[in-house]
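A.B. asks: Below is one structure. I have some questions about it.
Coordinate-derived values only; no laboratory data. Since this is a predicted model, take the numbers as computed values, not measurements. All Cβ positions, even for glycine, are placed from backbone atoms using ideal geometry, and neighbour counts span all protein chains on display.
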Amino acid sequence: MATTKTEQTVSNTHMNMPGRFGAYGGRYVPETLMAALEELEQSYAEAQADPAFHAELDSLLADYAGRPTPLYLAKRLTEQLGGAKIYLKREDLLHTGAHKINNCLGQGLLARRMGKHRIIAETGAGQHGVATATVCALFGMDCVVYMGEEDMRRQELNVYRMRLLGAEVRGVSSGSKTLKDAINEAMRDWVTNVRTTHYLLGSVLGAHPYPTMVRDFHKVTGKELKRQILEKEGRLPTAIVACVGGGSNSIGAFYEFIPERQVRLIGVEAGGRGKALGSHAARFEGGSPGVLQGTYSYVLQDDAGQISLTHSVSAGLDYASIGPEHAALHDSGRAEYVSASDAAALDATVRLARTEGILPALGSAHAVAEAIRIAPTLSSHDILVVNLSGRGDKDMGILARELNLQGA
Ligand SMILES: *Cc1c(COP(=O)(O)O)cnc(C)c1O
């Protein structure tokens, strides 16, 4: 199902259809999944209109996940950099250690409403798998998580964590044995078991309604952020900076601000080791429009439309495509996309740990790196908000390998 199409084969005739973001998005799946996606779209629309659904989700977000998350002024980092004031939106303080729980609680409630007792999910770094396994334990649902064997090796602790929570982790040995291959396996499972099973997709990717639905479950971040910054500063920030893997934490932070044209929205992709195809996951620098895993967006691919390998020190940012809404925000110029290298993210991790006592996830550290780069170029009147999507505990193995702490 990792099929791609070149730009020419996808026309812009669907511009205003549901599930389209400009020319991007849509629903490129086998016939066998169409009915399931339509059922999901319908159930989601009904849930959206039901105050009881929102009341239950809001109560779980507050009492189980820990919302609202604080907006923290990073005073020492701000003083050191000598420019814009830097705030951190502390999604790292959520239950399971990252923003992913917002979406998993929402989709878990929706699955229960749809009478589906079996949940499948894909995971790369294991964070989405852990959040899914957590929600399945909470709701008493069966949980199967597909994970590439290479990722299982790299993220052993998260594999154990999922198993401890009662999930079955199924290793995927096809292709590059990473996230893309795990998504293919999850889609195969869904085709076979669609009547009993909900596919709990982990980012703003895949076929409609996933990009819209997952964004809706994350937009609480931006809503809180707007209220909090107005309380603290009495005005909106100069810019919001967030890392972009599939694009869920960033769209969650950005969405409320899209109509506020004076607020810059800055997405940070994984620059990896360099600009060569295969060395990074910067879709807007090295990619082109194409279809991957159900949606039309920017894809890292070669001239023949074969999906490229990707690299990032952060497994959470290491994916060949990006959510279709970001593709539209990129092309319209409403959001800006830059990249931060592995080295810059590692430096930012150490810097934030030592100035603020906060250890960011390696994904989130890409956003911190961009804030560190631009803060000194701005004035003390400017405000930067970094969406700190997750905490770094899960990355300790990688950090221990990559950093020479004596020398740091
Ligand atoms: C999964 C993950 C990401 C990347 O996913 P998005 O959908 O782009 O948010 C970023 N940060 C953390 C902490 C993650 O766990």
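A.B. asks: Using a simple spin-label model with points 7 Å from Cα along the Cα→Cβ vector, what separation in nm is obtained for GLU39 and ARG153?
C.D. replies: That separation, rounded to one decimal, is 3.8 nm.
A.B. asks: How long is the gain from GLU336 to ALA137 if the chain were fully straight, where each residue apart is worth 0.36 nm and the alpha carbon distance is subtracted?
C.D. replies: 67.8 nm
A.B. asks: Scan around GLU269 for amide H atoms under 5 Å from its own, H built in the peptide plane at 1.01 Å from N, and keep only partners 5 or more places away or cross-chain.
C.D. replies: Hits under the 5 Å cutoff: VAL244, VAL338, SER339, ALA340.
A.B. asks: Which pairs break 25 Å Cα to Cα here: LYS75/LYS100; LYS85/LYS275; LYS100/LYS394; LYS180/LYS226; LYS85/LYS226? The partial results should precede the final answer.
C.D. replies: Details: LYS75/LYS100 27 Å; LYS85/LYS275 31 Å; LYS100/LYS394 14 Å; LYS180/LYS226 34 Å; LYS85/LYS226 16 Å.
Table pairs above 25 Å Cα-Cα are LYS75/LYS100; LYS85/LYS275; LYS180/LYS226.
A.B. asks: In addition: Kindly identify the chain as rounded, prolate or oblate by the Cα gyration tensor criterion: order the square roots of the eigenvalues as a ≥ b ≥ c, call it rounded if a/c is under 1.5, otherwise compare a/b with b/c, prolate if a/b is larger, else oblate.
C.D. replies: rounded
A.B. asks: Going by amide H atoms built from the backbone, whose H comes under 5 Å of the H on LEU292, apart from near neighbours?
C.D. replies: When sequence neighbours closer than 5 places are left aside, the close amide H contacts are SER297.
A.B. asks: Counting other Cβ atoms within 10 Å of each Cβ, which trypsin sites (Lys or Arg not before Pro) in the range 170-232 have at most 13 and sit in a DSSP loop?
C.D. replies: Answer in residue order: ARG195.
A.B. asks: Using a Gaussian network for the chain with springs between C-alpha atoms less than 10 Å apart, which of these wobbles most: GLU185, GLU46, GLU370?
C.D. replies: Taking springs between Cα atoms under 10 Å, the residue moving most is GLU46.
A.B. asks: Further question: Near LYS223, which lysines are there with a Cα under 16 Å away, not counting those fewer than 8 places off in the same chain?
C.D. replies: Partners found: LYS89, LYS232.
A.B. asks: Gain in length, GLU402 to GLU231, computed as 0.36 nm per residue apart minus the alpha-carbon separation, to one decimal in nm?
C.D. replies: 57.6 nm
A.B. asks: Quick one: if the Förster radius is 30 Å, what FRET efficiency do THR196 and MET17 give, using the C-beta to C-beta distance and rounding to 0.05?
C.D. replies: Rounded to the nearest 0.05, the efficiency is 0.50.
A.B. asks: Taking 7 Å along the Cα-to-C-beta vector as the label spot, tell me the SER174-ALA343 distance in nanometres, rounded to one decimal.
C.D. replies: It works out to 3.8 nm between the two label points.
A.B. asks: Could you rank the peptides 308-314, 39-45, 321-327, 84-90 by their average count of other C-beta atoms within 10 Å per residue, with the highest value first?
C.D. replies: Top of the packing list down: 321-327, 84-90, 308-314, 39-45.
A.B. asks: Next question, about the same structure. Taking Cα centroids, how far is the range 249-269 from the range 176-191 in Å?
C.D. replies: Between the Cα centres of the range 249-269 and the range 176-191 lies a distance of 30 Å.
A.B. asks: Ok, one more. Among DSSP bridges having both ends in the chain, what percentage is antiparallel? Round to the nearest 5. All intermediate terms of the calculation are to be shown ahead of the outcome.
C.D. replies: Working: 16 of 51 bridges.
So the antiparallel bridges in the chain amount to around 30 percent.
A.B. asks: Another question about this same structure. At a Förster distance of 22 Å, what's the computed FRET efficiency of LYS223 paired with ALA62, Cβ-Cβ distance as r, to 0.05?
C.D. replies: The pair LYS223/ALA62 has a calculated efficiency of 0.95.
A.B. asks: Calculate the length of the line joining the C-alpha centroid of the range 336-407 to that of the range 129-175, in whole Å.
C.D. replies: 27
A.B. asks: Follow-up question, since we're still on this one. Assuming 0.36 nm per residue, please report the length gained on full extension of the stretch HIS381 to GLU260 beyond their Cα-Cα distance.
C.D. replies: The HIS381-GLU260 span can extend by a further 41.7 nm.
A.B. asks: For the charge dipole of the chain, defined by +1 on Lys and Arg C-beta atoms and -1 on Asp and Glu C-beta atoms about the Cα centroid, which residue among LEU292, TYR210, ALA131 has the Cα displaced farthest towards the positive pole?
C.D. replies: Ranked along the dipole, the leading option is ALA131.
A.B. asks: I've got another one for you. Net charge near ALA36: determine it from the other residues with C-beta under 14 Å of the C-beta of ALA36, scoring Lys and Arg +1 and Asp and Glu -1.
C.D. replies: 0
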